[in-house]
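For reference, the structure is listed below as structure tokens.
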Amino acid sequence: MAQIAIERFALGPMQNFVYLIVPQAKDRLIAVDPAWAPEVLQARAQALGRPITDVILTHHHPDHRNGVEVLLEQHPVRIHVQKSELPWLKDLGWRSDLVLHEPGDRLELGLGESLRLIHTPGHTPGSQCIECAGRLLTGDTLFIDGCGRCDLPGGDPNTMFHSLFDTLAALPASTIVLPGHDYAPTPEASMGEQRKTNPYLQFHSQLDFSRYRMRPRD
């Protein structure tokens, strides 16, 4: 059986990874965190012969969503977010386009395929990861050998600890981590590898993790 395809694009001045999820159903195409150069996604959609029908935001920060308006101008698009992100999005004029999700919701794609939306607060209250057939798009929750900041509005290192060590810890070691930024020598790694090499995944104490995550940085 063919696997859902995931295409990765390195875009913008903040080393963002933007993704297209290409299911078997030819009437669906999902952009994850469309930012900086939406025309690149549109050109790829045209080459695939299908419009972008859905956007999934891993969180509300502008560097992960500043291409959404361009996509909305071209075609009706459903914008999927965790409901905890709504306070930061309510003034953008997307109300009729937003689909608010509960933790653990599945996005059905047709032909028996679906995505699982995993609520992973810590970087923002409504941060989410996207589980897709053994792969995990992590946004700014988990990087390769890093994790998202917790010192911005809505961030919380204690909540991040539970997202990493309780929620994501339950995933198989074979899960491939696909982060939201190109901050490492490799663009992806397995969860098992990250449990060995990622310094943020080496803690047994919430307090020790929080102190390390919030330590002064240059």
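Odds and ends about this structure:
- Test set (1) touching a strand residue (DSSP E or B) at 6+ places or on another chain (Cβ under 8 Å); (2) outside any loop (DSSP other than H, G, I, E, B) - E69 fails condition number: (1)
- Where a residue in the stretch 175-202 is closer than 21 Å to R149 by Cβ and its partner, wherever it lies, is among the β-branched types (V, I, T) and exposed (fewer than 15 other Cβ atoms within 10 Å of the Cβ), with Cβ under 8 Å and at least six apart: A189/T197
- Boolean, R28 is out of contact with any Ser or Thr (no Cβ under 6 Å at 6 or more places or on another chain), touching a residue at least 24 places away in the same chain (Cβ under 8 Å) and not small (G, A, S): no
- Restricting R213, R217 to those that are touching a residue at least 12 places away in the same chain (Cβ under 8 Å) and over 19 Å from the mean Cα position of the chain (by Cα) reduces the list to R213.
- Of all residues making up the stretch 4-23, the number that are part of a loop (DSSP other than H, G, I, E, B) and either among the β-branched types (V, I, T) or in contact with an Asp or Glu (Cβ under 6 Å, 6 or more places away or on another chain) (or both): 4
- Subset of the stretch 34-76 that is touching a Ser or Thr at 6+ places or on another chain (Cβ under 8 Å) and modelled with pLDDT of 95 or more - its residue that is nearest to V22 (Cα to Cα): T58
- Selection count, the stretch 124-168, where residues are aromatic (F, W, Y) and either buried (at least 20 other Cβ atoms within 10 Å of the Cβ) or under 16 Å from the mean Cα position of the chain (by Cα) (or both): 2
The values are calculated or read from the model by the stated rules, or taken from the named source; none is laboratory data. Because the structure is a prediction, the values reported are computed rather than measured. A quick note on method: Cβ atoms are made from the backbone with ideal geometry, for glycine too, and the neighbour counts reach across all protein chains shown.
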